[in-house]
Amino acid sequence: MLPLATSNLAAISSLATAGGTLVLALATFASVRSANRATRISEQALQEQRQPVFAASRFDDPVQKIMFAEQHWVRAEGGRGVAEYSGDAVYLAISLRNVGAGIGVCQGWFVTPGLLRTMAATTHSDESEFRTQTRDLWIPAGDIGMWQGALRDPENPTFRGVAEAIEAREPISIELLYSDQVGGQRTITRFALLPTGEDSWIASSSRHWFLDRPSPRSEEDIQATAEAYLRRIEAAEQEAQAVEKTGAAP
């Protein structure tokens, strides 16, 4: 009987040890999982504290005086931009406000004549097409700043297109690529310069894209909405054409 009892005690002891090890493993797993969750939350909170978001400044914001390399000066009023063609160069500028929580640093820009509507151009231009910003442009959180860019090659198709748009008083689209103060959280914001009056241009922003993490709104949902909108427009045009043909028929 003694060997059997000893065997039972050994088995019970082994089971108890295994059970204790399992409980310890589960507790360790839960602790690590909780720590990872806390780390992710802290990292997300830090990102939000350093996330810049550029928008057009308010109309009551101060006028900003901006100088280009040739010592050419322009004035950007609150909520407005600048589009000037001198014959040798195209000068562009926007009065900006950083509505995000972190310092914003301009990295590059893309310009094209005409208005890039969200429903037709649902995504931003390719990053390889952006021009590198040669001047350091930093905008503090919750404060105003400016962006400036110039085209100086008359043989470049973009130069000619933008110059013609300025002379014809047609809209111009500009996309700005910027980051936080350490180069992370890259963001692209699409702006439009809309002509008003004789020489004034209203600045307006329409879309924001986060390049290093998901954007606040799903790109799939926006794409689906844009496609549905275009289908409705196409159907309405076809219906109008059908009515016109019916009315014109003898």
Task: Ile166, sole failed condition from (1) under 20 Å from the mean Cα position of the chain (by Cα); (2) modelled with pLDDT of 95 or more; (3) hydrophobic (A, V, I, L, M, F, W, C) - done: (1)
TODO: Please work out if Asp88 is without any contact (Cβ under 8 Å) to a residue 60 or more places away in the chain, of a type outside the set (A, V, I, L, M, F, W, C), on the phi < 0 side of the Ramachandran plot and in a loop (DSSP other than H, G, I, E, B).
DONE: no
Open item on the list: With under 27 Å from Asp60 (Cβ atoms) and in contact (Cβ under 8 Å) with a residue 24 or more places away in the chain as the only criterion, which of Arg190, Arg152, Arg186, Arg213 stands out?
Closed with: Arg190
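The values are calculated or read from the model by the stated rules, or taken from the named source; none is laboratory data. The model shown is predicted, which means the values in this text are computed figures rather than measured ones. All Cβ positions, even for glycine, are placed from backbone atoms using ideal geometry, and neighbour counts span all protein chains on display.
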